[in-house]
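The values are calculated or read from the model by the stated rules, or taken from the named source; none is laboratory data. Quick caveat, the model's predicted, so the values are computed rather than measured. Methodologically, a virtual Cβ is constructed for each residue, glycine included, from the backbone with ideal geometry; neighbour enumeration extends over all protein chains shown.
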Amino acid sequence: MSVLIYTEVSKGKVKKSSLEAVNYGSRIAAQLNTTATAVIVGDVDLSDLGKAGAKKVLKLKNDKLARLDSQYLSSAIEQAANAEGATVIIFAHDFTGKEVAPRLATKLKAGIVAGAVDNPVISGDSFTVKKNVFSGKAVATYSLHSAKKIISLLPNSFPVELKDGSAEAVDFAVNLDGINSPLKVKEVKKDTSELNLTDAELVVSAGRGMKGPENWGMIEDLAKSLGAATACSRPVADMDWRPHHEHVGQTGIAIRPDLYIAIGISGAIQHLAGVNGSKTIVVINSDKEAPFFKSADYGIIGDAFEIVPKLTEAVKKFKANQ
Amino acid sequence: MKILVCISNVPDTTTKISFTNNNTAFNGAGVQFVINPFDEWYALVRALELKEAQGGSVTIIHVGAADSEPTIRKGLAIGADDAVRIDAEPNDAFAVAEQIAAYAKDKGFDLILAGKETISYNGSMVGAMLAELMNLPFVSMATKLDVANNVATIEHDIDGGTEVAECALPLVIAANKGMAEARIPNMRGIMAARTKPLLQVPAISTDKLTSISLFELSKGRTDCKFIDASTPEKLIELLHTEAKAI
Ligand SMILES: Cc1cc2nc3c(=O)[nH]c(=O)nc-3n(C[C@H](O)[C@H](O)[C@H](O)COP(=O)(O)OP(=O)(O)OC[C@H]3O[C@@H](n4cnc5c(N)ncnc54)[C@H](O)[C@@H]3O)c2cc1C
């Protein structure tokens, strides 16, 4: 028996959401009196996996894994899970997790909770995990009834903890001879922004109150001063003021950063659905009746065009004194 | 081209959520249900555009009880040719995928589309599971889709950017925002929907690997602390000392 964690490389190192998943998996392993094994595709410095709690790392080896195709990857992880006798398998609920975890669950007939937000509660035969439902309006406790269980952890649900520890890394050759995916990559367009929105701890977001795309400079300045990612409301993406991958909300992406600063966004229920998991919410709006203030921790009533540059200055001063 | 679009029936986005039976079941009383936006705006509308340009058919499939028929009829009003309802409670993603796969297996669909997730249970699982059950390639988070000479070109979000992939049909795709613009059904569509075929299929027996034992409403925020617009530095101080967010 063991707990297996799928981890991934991004920009030359192990992804933050993967380290969160290893922390999470090693806590479950401790509860089950077993150890955590990470699996990974790619050759990078793996020492953080050991520091996050993995005792072993299986480096999945097969040329077909050059693209993380769900048909190949789910089979590769299945082979690793069988070799390790894994009963619980953890993913980060990110792009790969969404493509691969349900596929693996189907292969293993494993109950799956996609987007878990808390540690599982395990007692005897009962195994329950909480996840957000109705776009964050509620939390549901799922019971998993199968022998094997898969959990994909919503990014930013827990801070990453790195301690002393090291993992033994070994190559694990996988056999994908029977599978031939017709999917081929034609082109990859890299996101030019440095920060991935779902991974970001700090997010500065702006809405229609900014009046036009030409006014986003001050939003970017504030984000830059904080080291934050930028996001926007739906109409802003629909009008092409900002790229669609910045659209947060019920029909965009859901995020849960430590800090979400909403500027010139009214706080419609569909917008809140994507951001109400944020730990701290700041709202800047000229309308004191804006519904967003009812869902905020801190509010400033006033004109964003005056407040935002002053805020950026204040952040710079604060950073300089740190 | 034969296209299958999976649609689910979800509470309208503005719904105030509540629960019954000691917080073990969603309270649907008085709730307006709609087609899941990702299924409707993006998957179904793109399927219709492809059919209009290239010929073929668009079938919508739904797993659910008879009370979801108004939602299915809306899909027909938007333009789907026919519909299938598998008569089972859709309360486990794997069971839903098994129902759809059992029906679709021998029907020769070239393209199977789903939304990237439902706005009710936010599972994001049925598309991938369906692909596995049918042994098909799968692409999630698709923002663009074109088909020419039996090959699909799909643009989709990946970690740190977007990927353009090509795949010979058939395959399963989960649609994200961007694939198409929402359509509003017109009067003719609504009239025609009444007489379009809606096939009812009995459920097969499926595995139920998960169940929900409790629902809780998310804790809302109760009081917002206001900072005067003339002293934004005060906010930075509070974010540091009180919220510990920076
Ligand atoms: C089915 C459905 C799904 C949807 N999904 C989403 C979603 O995923 N995400 C999303 O965001 N929306 C979504 N919406 C849209 C949502 O209902 C709102 O229309 C949208 O969020 C409003 O965007 P906004 O706050 O930027 O614009 P507005 O509602 O126009 O608000 C602009 C705000 O800016 C303030 N303002 C104006 N000038 C200034 C100034 N100088 N300084 C400071 N403040 C100023 C105004 O007081 C106002 O509060 C959805 C809608 C539907 C029907």
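Here are the numbers for this structure:
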{"quantity": "Subset tally (residues that are farther than 20 Å from A:Thr251 by Cα, more than 10 Å from the ligand (Cβ to nearest atom) and more than 9 Å from chain B (Cβ to nearest Cβ)) for the range A:269-308", "calculated": "0"}
{"quantity": "Single residue of A:Gly209, A:Gly165 found to be at positive phi and either more than 13 Å from every other protein chain (Cβ to nearest Cβ) or among the charged types (D, E, K, R) (or both)", "calculated": "A:Gly165"}
{"quantity": "A:Arg234 being within 27 Å of the chain's Cα centre (by Cα), within 13 Å of the ligand (Cβ to nearest atom) and within 9 Å of chain B (Cβ to nearest Cβ)", "calculated": "yes"}
{"quantity": "Residue that is nearest to the ligand (Cβ to nearest atom) [pool: residues in the range A:194-216 that are in a loop (DSSP other than H, G, I, E, B) and in contact with a strand residue (DSSP E or B) (Cβ under 6 Å, 6 or more places away or on another chain)]", "calculated": "A:Leu197"}
{"quantity": "Check on B:Val45, within 16 Å of the ligand (Cβ to nearest atom), within 14 Å of chain A (Cβ to nearest Cβ) and either touching a Pro at 6+ places or on another chain (Cβ under 9 Å) or not in a helix (DSSP H, G or I) (or both)", "calculated": "no"}
{"quantity": "Candidates A:Gly274, A:Gly267 - the one that is farther than 21 Å from A:Lys224 by Cβ and in a helix (DSSP H, G or I)", "calculated": "A:Gly274"}
{"quantity": "Residue satisfying all of: in the range A:63-109; part of a loop (DSSP other than H, G, I, E, B) and facing another protein chain (nearest Cβ under 7 Å); nearest to B:Val96 (Cα to Cα) among these", "calculated": "A:Lys109"}
{"quantity": "Failed item, numbered, when A:Gly227 is tested on (1) at negative phi; (2) within 11 Å of chain B (Cβ to nearest Cβ)", "calculated": "(1)"}
{"quantity": "Exclusive hit being buried (at least 24 other Cβ atoms within 10 Å of the Cβ) and either touching a strand residue (DSSP E or B) at 6+ places or on another chain (Cβ under 8 Å) or hydrophobic (A, V, I, L, M, F, W, C) (or both), set A:Ala101, A:Ala83", "calculated": "A:Ala101"}
{"quantity": "Failed condition for A:Ser152, given (1) farther than 24 Å from A:Lys56 by Cα; (2) hydroxyl-bearing (Ser, Thr, Tyr); (3) in contact with a strand residue (DSSP E or B) (Cβ under 7 Å, 6 or more places away or on another chain)", "calculated": "(1)"}
{"quantity": "Residues satisfying the stated conditions in the range A:133-162, i.e. in contact with an Asp or Glu (Cβ under 6 Å, 6 or more places away or on another chain), β-branched (Val, Ile, Thr) and more than 10 Å from chain B (Cβ to nearest Cβ)", "calculated": "A:Val160"}
{"quantity": "So A:Ala314, is it at pLDDT 95 or above and near the ligand (Cβ under 8 Å from one of its atoms)", "calculated": "no"}
{"quantity": "Test: residue in the range B:194-214 that is farther than 25 Å from B:Gly64 by Cβ and either in contact (Cβ under 8 Å) with a residue 60 or more places away in the chain or away from chain A (no Cβ under 14 Å) (or both)", "calculated": "no"}
{"quantity": "In the range A:175-193, residue modelled with the highest pLDDT [restricted to those that are in contact with a helix residue (DSSP H, G or I) (Cβ under 8 Å, 6 or more places away or on another chain), of a type outside the set (A, V, I, L, M, F, W, C) and surrounded by 13 or more Cβ atoms within 10 Å (Cβ to Cβ)]", "calculated": "A:Ser181"}
{"quantity": "Checking B:Tyr121 against (1) facing another protein chain (nearest Cβ under 10 Å); (2) in contact with a helix residue (DSSP H, G or I) (Cβ under 7 Å, 6 or more places away or on another chain), the condition it does not meet", "calculated": "(2)"}
{"quantity": "Test: residue in the range B:159-170 that is assigned to a strand (DSSP E or B), more than 9 Å from chain A (Cβ to nearest Cβ) and touching a residue at least 12 places away in the same chain (Cβ under 8 Å)", "calculated": "no"}
{"quantity": "Answer from B:Lys144, B:Lys225 - the residue that is facing another protein chain (nearest Cβ under 10 Å) and charged (D, E, K, R)", "calculated": "B:Lys225"}
{"quantity": "A:Gly249 of a type in the set (Gly, Ala, Ser) and within 19 Å of the chain's Cα centre (by Cα)", "calculated": "yes"}
{"quantity": "Test for A:Ala114: is it within 14 Å of chain B (Cβ to nearest Cβ) and in contact with a strand residue (DSSP E or B) (Cβ under 7 Å, 6 or more places away or on another chain)", "calculated": "yes"}
{"quantity": "Residue check for A:Asn196: within 14 Å of chain B (Cβ to nearest Cβ) and under 19 Å from the mean Cα position of the chain (by Cα)", "calculated": "yes"}
{"quantity": "Selected residue (only one of B:Pro37, B:Pro90 is within 16 Å of the ligand (Cβ to nearest atom) and either touching an Asp or Glu at 6+ places or on another chain (Cβ under 8 Å) or not aliphatic (A, V, I, L, M) (or both))", "calculated": "B:Pro37"}
{"quantity": "Residue check for A:Val121: within 16 Å of the ligand (Cβ to nearest atom) and within 13 Å of chain B (Cβ to nearest Cβ)", "calculated": "no"}
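One line per residue, one yes/no per condition, for (1) of a type in the set (D, E, K, R); (2) within 30 Å of A:Arg242 (Cβ to Cβ); (3) surrounded by fewer than 22 Cβ atoms within 10 Å (Cβ to Cβ):
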position: A:Ile112; (1), (2), (3): no, no, no
position: A:Lys131; (1), (2), (3): yes, yes, no
position: A:Leu144; (1), (2), (3): no, no, no
position: A:Phe172; (1), (2), (3): no, no, yes
position: A:Leu195; (1), (2), (3): no, yes, yes
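Let's see how each residue does on (1) acidic (Asp, Glu); (2) more than 7 Å from chain A (Cβ to nearest Cβ); (3) free of Cβ contacts under 8 Å to residues at least 60 places away in the same chain; (4) part of a loop (DSSP other than H, G, I, E, B):
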residue: B:Ala101; (1), (2), (3), (4): no, yes, yes, no
residue: B:Ala114; (1), (2), (3), (4): no, yes, no, no
residue: B:Glu117; (1), (2), (3), (4): yes, yes, no, yes
residue: B:Ala131; (1), (2), (3), (4): no, no, yes, no
residue: B:Asn135; (1), (2), (3), (4): no, yes, yes, yes
